[in-house]
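See below for the structure under consideration.
The values are calculated or read from the model by the stated rules, or taken from the named source; none is laboratory data. Since we're looking at a predicted model, the values are computed, not measured. FYI the Cβ positions are ideal-geometry reconstructions off the backbone, even for glycines, and counts take in every protein chain you see. Note: areas computed on protein heavy atoms with side chains; ligands, DNA, RNA excluded. Shrake-Rupley method; radii C 1.70, N 1.55, O 1.52, S 1.80 Å.
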Amino acid sequence: MATTTLTTLAEFEKAARQKTSEFAWSYVSRPGKDGQTHTDNRQAFKRYRLIPRNLRDVYIRDTSVTVLGSKLDFPVAIAPTAVHKLAHPDAEAATAKGAASMNTAMVLSSWSHCSLEQVAAAAPRGVRWFYLLFYRDRGRMKRLLERAEGEGYTAIVLTVDQPLFNFDRIINMRRTEPLPLQVSFPNIWLDDDAHGQPGSAEHLAYLKKIVKEAATWEDVEWVKNNTRLPVVLKGILSAEDARAAVDLGISGIYVSNHGGRQQDGLPATIDVLTNIVRAVGGEAEVYLDGGVRTGTDVLKALALGARCVFIGRPALWGLACNGAEGVQQVLQILKDELNLTMARSGCAKISDIQPSLVVHESYYL
Ligand code: FNR
């Protein structure tokens, strides 16, 4: 199917489902437990309504924004997601190309098929951040930080909402499916690692041994003190944690519930955004992901104080449908929808998007 006929992210989702194997589809779309948080991420956006301002000169609009010092053409970037080869053979290199072609940022996951270096080579001018895992051995972390810095990544993302990895689930998956586990994870292994054949039991046991589960603030502080790059904490839902992060000198507070894939029963990200923005008090940038599917969602999140939003699954839908071009198309749709929603809301530039543009439906009750 020609993806040029697809005009919404919902259409991309349907097309991607047809294109991917049952296993890949269930891995990408799987919500945690009953899927309450996953569903609520979407539903919550719909509970906020827009109150447009009219008769403002919106004939020319500028959607650009600066995020951690990098200028992006619009405030939608790509969240870190694992194993892109499930969606397309060119994997993360293609995703990075798609993001760079739209002049926006991508966060590369540690659980990727392409190395930091391959992704940098694929999109040398793209804005790239790196999601670093916590390891027991800080020497390993230091070496990975140096690789990211050397390859032009401009921020380090620490995902803090996943204190435990379900290695047993991974081992079970390995029994039935060849992917994503026959992958050497080049952003986890170091050259001198003796980690066994990718996908082997030895390989997984090694992984379990080196990854540090249940990281703490002390680990975050160590990363902060051992890189010259700004650090972003991803997975923040509590105002207290946001405040503690800012007090530690963290540059970006990334509000996320992991797309509803980890703990179920968490609030929708858009519902906790205001509290977090208040706690941060302008001392760090605030981002959000989870259920962003339309330009209207983007505008609502920005009105409530996010500087930029991220998309997880939709980028993989684009990748599955049409590689780098599919990723570009998904981003273009969001950019165009945001642009139109801005015009209809009386906003010529991103700084015109103010809290008064949005009202929660409970206001009417
Ligand atoms: C993820 N997510 C994720 N997060 C992270 O910090 N590191 C990771 O490696 C992954 N891997 C991953 C794989 C897949 C297949 C998905 C769908 C998600 C979570 C991701 O960064 C993001 O928080 C959510 O995907 C955002 O929600 P939406 O946009 O998918 O609704």
> How do Arg125, Arg261 stack up against each other in accessible area, from largest to smallest, with a 1.4 angstrom probe?
Replying inline: Arg125, Arg261
>> Give me, ordered by chain and number, the residues 5 or more places off Ala82 or on other chains with an amide H under 5 Å from its own placed amide H.
In response: none
>> Taking 51 Å as R0, compute the FRET efficiency from the Cβ-Cβ separation of Leu164 and Arg61 and round it to 0.05.
In response: 0.70
> If you average 1/r over all unlike Cα pairs in segment 66-172 and invert the result, what Kirkwood radius do you get in angstrom?
Replying inline: 14.5 Å
> Taking +1 at the Cβ of each Lys and Arg and -1 at the Cβ of each Asp and Glu, which of Ala87, Tyr48, Leu72 sits farthest along the dipole of segment 34-131 towards its positive end, judged by Cα position relative to the Cα centre?
Replying inline: Tyr48
> Which listed residue (Val272, Leu132, Asn226) has the Cα farthest towards the positive end of the charge dipole for the chain, taking +1 on Lys and Arg C-beta and -1 on Asp and Glu C-beta about the Cα centre?
Replying inline: Val272
> If you average the sequence gap of Cα pairs under 8 Å that are 6 or more apart and divide by the length of segment 240-283, what percent do you get for the contact order?
Replying inline: 50 percent
> Nearest 0.05, what FRET efficiency do Arg53 and Ser238 give at R0 = 30 Å with Cβ-Cβ as r?
Replying inline: 0.35
>> How large is the Rg to Rh ratio of the chain when both quantities use alpha carbon positions and Rh follows Kirkwood?
In response: 0.95
> For segment 30-85, what are the per-bin percents of Cα-Cα distances with bins 10 Å wide, up to the bin holding the maximum?
Replying inline: 15, 24, 38, 19, 5
> When the chain is treated as a GNM, springs tying every alpha-carbon pair under 10 Å, which of Leu316, Leu338, Leu288 comes out with the largest mean-square fluctuation?
Replying inline: Leu338
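Given charges of +1 on the Cβ of Lys and Arg and -1 on the Cβ of Asp and Glu, with all other atoms neutral, how large is the dipole of segment 127-166 about its Cα centre, in debye to the nearest 20?
About 160 debye.
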> Say a paramagnetic label sat at a point 7 Å from the Cα of Glu146, along Cα to Cβ; which residues of segment 204-231 have their backbone N under 19 Å from it?
Replying inline: 222-230
> In the structure shown, do any of Lys300/Lys335; Lys142/Lys209; Lys97/Lys224; Lys97/Lys212; Lys142/Lys224; Lys212/Lys234 have a Cα-Cα gap over 20 Å, and if so which?
Replying inline: Lys97/Lys224; Lys97/Lys212
>> What is the distance in Å between the Cα centroid of segment 36-74 and that of segment 306-338?
In response: 15 Å
>> Given points 7 Å out from each Cα along the Cα-Cβ axis, report the Gln197 to Ser351 separation in nanometres with one decimal.
In response: 6.0 nm
> What's the angle, to the nearest 10 degrees (0 to 90), between helix 138-150's Cα axis and the longest principal axis of the chain?
Replying inline: 50 degrees
> Residues with amide H under 5 Å of Tyr287's amide H, sequence separation 5 or more or different chain, H placed in the peptide plane at 1.01 Å from N; which?
Replying inline: Ile253, Tyr254, Val255, Arg307
> Using modelled backbone amide H atoms (1.01 Å from N, in-plane), which distant-in-sequence or interchain residues come within less than 5 Å of Phe134's amide H?
Replying inline: Lys212
> Roughly how many Å is it from the Cα centre of segment 205-275 to that of segment 133-147, as a whole number?
Replying inline: 17 Å
>> Given a Förster distance of 56 Å, report the FRET efficiency between Lys212 and Ala343 from their Cβ-Cβ distance, rounded to the nearest 0.05.
In response: 0.70
>> What does DSSP give for the chain in terms of the percent of beta bridges that are antiparallel, rounded to the nearest 5?
In response: 20 percent
>> Nearest 10 degrees is fine. How inclined is helix 313-345 to the longest principal axis of the chain, computing both from alpha carbons?
In response: 20 degrees
> In the chain, carbon and sulfur make up what percent of the accessible area (probe 1.4 Å)?
Replying inline: 49 percent
>> What's the magnitude of the charge dipole for the chain around its Cα centre, counting Lys and Arg as +1 and Asp and Glu as -1 at the beta-carbon? Answer in Debye, nearest 20.
In response: 500 debye
> To the nearest 10 Å², what's Cys114's accessible area with a 1.4 Å probe?
Replying inline: 20 Å²
> Assigning unit charges at the beta carbon (Lys, Arg +1; Asp, Glu -1) and nothing else, what dipole magnitude in debye, to the nearest 20, does segment 53-127 show about its Cα centre?
Replying inline: 220 debye
